[in-house]
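Remarks on the structure that follows.
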Amino acid sequence: MCSTSTTTSPEISTLVEKWRGKKGSLIMVLHELQNHYGYVPRDVSLQLSQQLDIPLARIYEVITFYNYFKLDPPGKYTIAICLGTACYLKGAPDLVDEVKNLLDIGEGQTSKDGLFHLDVVRCLGCCGLAPVLSVNGQIYGKVKRSEVMGILSKYKKED
Amino acid sequence: MISAKINGITVSVPEGTTILDAAKKVNVKIPTLCKHPDLPATASCGICIVKVKGSNKMLRACCTPIEQNMEIITHDAEIVDVRRTVIELILSKHPNECLTCGRNGNCELQTLAADFGIRRDAFPNCVPDLKSDISTGTIVLDPRKCISCGRCVTVCQDVQNVWALSFLERGFDTRISPAGDINLGESPCVRCGQCSAHCPTGAIVENCEAPVVWQALQDPEKYCVVQIAPAVRVAIGEAFGFEPGANLTGKIYAALRRMGFNAIFDTNFGADLTIVEEATEFVTRFTTAPDKLPLITSCCPSWVDFMEKFHSDMKDIFSTCKSPQAMVGALTKTYYAQKKRLDPKKMFLVSIMPCTAKKYEIRRSKDMFASGVQDIDISLTTRELARMIKQAGIDFVNLPDEEPDYILGEYTGAGTIFGVTGGVMEAALRTAYDYVTGGKLSHVEFENVRGFSGVKEGTVQVGPHTVKVAVAHGLKNVEYVLNKVKEAKMTGKELPYHFIEVMACPGGCVGGGGQPYGVTDELRAARAEGLYDEDSRCVIRYSHENPHIKQLYSEFLGTPNGEKSHHLLHTHYIARPEYQR
């Protein structure tokens, strides 16, 4: 089906052989690729399409359906902001807005310098601290909009 | 058989019939936005909900098989209310741009909103911020107007096997797009336009180029010429209230003349010419170069695009003949221009096609500039012409018939059946028979290549030779035919076919992506019948006996497949990437 010629990396061939002919092979291969690269690069998807004889459109349908799969490289620091009920009521949407404005990115995107990635999540497990955001797992509680810039610049300096 | 009751009316239908189809049988119309008669149900819009006695759930009629003794209510106050809410919810995500939309006055969502008397925005409007895509130059994809019914995706993936369109993301963010949000022009899209023919709204429409044509018609420096394709004449009437299949050739000529075209030609002449060239090509290969068999037809630009992207290993056995549209194009700006002492640079050639891909074909390679300039300037769809006739204030219904212009207007019955699946094969076999045997057929109709089965296979006795043929339409059906050829070539076995015809659109051009909306198999059959009927009434039914074709060869081209023909009427193929990024 797919005739686009790209050179195939041996790792992908090995992966494909491991899962070929098995039920749900596409999702299993995508999982391994996501874990390996931290996202699913387009040229890898193109190779996968050829090797598994699955149209690229179907691969992208699966990748974009599940939150787990990413299309862009992850940032060095992943900012997760909780929009669960408690955080939402305590003003988390303001924090999302502020991060978007400061970094000029949308949800699920990575800043141009590759430093920050923004994810919106449903609970970080510490509702008592709402609103909560975390940077690479480090939790910040009772965050005010005005404090967001300070938190981010700390990581910028570290870099 | 299953017996049940719909709104108290007894209905008896075969097992497996959906409630939606059963209701049609007893003249009950259940509204739907996502279900199309060509396609399996996706149950995505939720408008066709009905009640079944004994259940407190509302069921979707499009995907629920009717059961024995079911008592179904299709319309009551509550159902109508729920349907209205569903429409209001769809409208809340849909731009309020009806007046400037390509589907204005012919939109399934607009009609439903009108039928339900929607008079206000029940919910805050939240149209997704998505960009329009015109990169193919043939169709315009405006994903904001998409209602996620899935028809275009199903057609693109399951009917055409192209997989240019897909559903990305999910829930509220669901959108139609090629893989990875690239443009359609960078995707495997073959521009067949079946997505636009099946879309219930204005999310996918043809790229309307009528304004460019009006501009040319106003330019006193321009000598405007037009040609009309076979399938246009039996479909355009639908836009003016004629019965499907009504053949309106004479009215179209008359309307085009009134619009200001200086010369009116017929693509059917080009079809006759294609047959002379292609039958010659076939007979030559059949007798002297069997390694270049099976010969595969090349009149359909979407099919050519599909082959160049997905099956470029077949490019050497493709017929090198240009399509009828392109042949008339090249001859208008060479032969006709010389005859009339016209400067090709000042000529403006418009073609009226049932097709969106023809807009691509006119620029697909340097061969489309055989006259030294672009042979065809603009290609319009049947839908665009219908609108232009209305704009021009022409009373099309009562317009007296007129004739085409000399010399690229005369055609035979063989030329006119090009517009339906199997037609090219049939026309070519008529001429090839004569070329090989030197005799006439007692019966010119080849029944085994007619009809709407996806793949038609058969054998034809041509003198001492048995010619094996296959006809496929709807690109998914091509795989079966090509796989058989590839397997035979690989194993060195006898070829399964000598001659293959392929048309991308189901039904051939009568079901083309640029034809009036609302196509079903019934409509395709009516349009096809209009063409077969014209063929049966034609005095001349062999392309090579068209007197103007003979004159063209003696005055200008020389011999079929000769040097001049090759320069003007033949083309080349290259492998193209499926994805440009």
Counted residues, segment A:54-70 - those being crowded, with 18+ Cβ neighbours inside 10 Å, in a loop (DSSP other than H, G, I, E, B) and of a type in the set (Ser, Thr, Tyr)
0
Return the pairs, sorted by first residue and then second, in which the second residue is surrounded by fewer than 24 Cβ atoms within 10 Å (Cβ to Cβ), the first residue lies in segment B:154-173 and is in the same structural domain as B:Asp305 (by TED's automatic domain parsing), the beta carbons are less than 8 Å apart, and the residues are 6+ apart or on different chains.
none
Does any residue of segment B:155-168 turn out to be at the interface with another protein chain (Cβ under 9 Å from one of its Cβ atoms) and closer than 16 Å to B:Cys45 by Cβ?
yes
Among residues belonging to segment B:174-189 that are surrounded by fewer than 24 Cβ atoms within 10 Å (Cβ to Cβ) and free of Cβ contacts under 8 Å to residues at least 24 places away in the same chain, point out the one that is farthest from the other protein chains (Cβ to nearest Cβ).
B:Asp181
Kindly check whether there is at least one residue in segment B:409-423 that is part of a helix (DSSP H, G or I), under 30 Å from B:Glu501 (Cβ atoms) and either modelled with pLDDT under 95 or among the acidic types (Asp, Glu) (or both).
no
Output the residues belonging to segment B:224-279 that are at positive phi and either among the hydroxyl-bearing types (Ser, Thr, Tyr) or at pLDDT below 95 (or both).
none
Of the numbered conditions (1) on the phi > 0 side of the Ramachandran plot; (2) in contact with a Pro (Cβ under 7 Å, 6 or more places away or on another chain), B:Glu361 fails exactly one; give the number of that condition.
(1)
Residues to consider are A:Ile27, A:Ile63, A:Ile12, A:Ile105; find the one that is free of Cβ contacts under 8 Å to residues at least 40 places away in the same chain, within 12 Å of chain B (Cβ to nearest Cβ) and among the β-branched types (Val, Ile, Thr).
A:Ile63
All but one of (1) closer than 30 Å to B:Lys222 by Cβ; (2) of a type in the set (S, T, N, Q); (3) within 14 Å of chain A (Cβ to nearest Cβ) hold for B:Ser312; state the number of the condition that does not hold.
(1)
Mind telling me which of the residues A:Asp53, A:Asp43, A:Asp72 ends up being within 14 Å of chain B (Cβ to nearest Cβ), in contact with a Gly (Cβ under 9 Å, 6 or more places away or on another chain), in contact (Cβ under 8 Å) with a residue 24 or more places away in the chain and of a type outside the set (Phe, Trp, Tyr)?
A:Asp72
Checking B:Tyr579 against (1) in a helix (DSSP H, G or I); (2) touching a residue at least 60 places away in the same chain (Cβ under 8 Å); (3) within 14 Å of chain A (Cβ to nearest Cβ), which single condition isn't satisfied?
(1)
Condition check: over 36 Å from the mean Cα position of the chain (by Cα) and at positive phi. Does B:Asn69 satisfy that?
yes
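One line per residue, one yes/no per condition, for (1) under 18 Å from B:Arg285 (Cα atoms); (2) in the same structural domain as B:Thr356 (by TED's automatic domain parsing); (3) buried (at least 23 other Cβ atoms within 10 Å of the Cβ); (4) under 17 Å from the mean Cα position of the chain (by Cα):
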position: B:Gly423; (1), (2), (3), (4): no, yes, yes, yes
position: B:Arg430; (1), (2), (3), (4): yes, yes, yes, no
position: B:Glu447; (1), (2), (3), (4): no, yes, no, no
position: B:Gly463; (1), (2), (3), (4): yes, yes, no, no
position: B:Ala470; (1), (2), (3), (4): yes, yes, yes, no
position: B:Leu475; (1), (2), (3), (4): no, yes, yes, yes
position: B:Glu479; (1), (2), (3), (4): no, yes, no, no
position: B:Glu487; (1), (2), (3), (4): no, yes, no, no
Only unsatisfied item for A:Asp43, checking (1) in a helix (DSSP H, G or I); (2) more than 20 Å from the chain's Cα centre (by Cα), is (2)
Members of segment B:190-219 found to be within 14 Å of B:Leu141 (Cβ to Cβ), touching a Ser or Thr at 6+ places or on another chain (Cβ under 6 Å) and buried (at least 22 other Cβ atoms within 10 Å of the Cβ), listed by number:
B:Arg191, B:Cys192, B:Gly193, B:Ile204, B:Val205, B:Glu206
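Keeping to segment B:560-581, report how many residues are within 22 Å of B:Ile317 (Cα to Cα) and in contact with a helix residue (DSSP H, G or I) (Cβ under 8 Å, 6 or more places away or on another chain).
15
The values are calculated or read from the model by the stated rules, or taken from the named source; none is laboratory data. For clarity, every value in this text was computed on a predicted model and none was experimentally measured. Ideal geometry is used to build each Cβ from the backbone, glycine not excepted, and the neighbour counts take in all protein chains shown.
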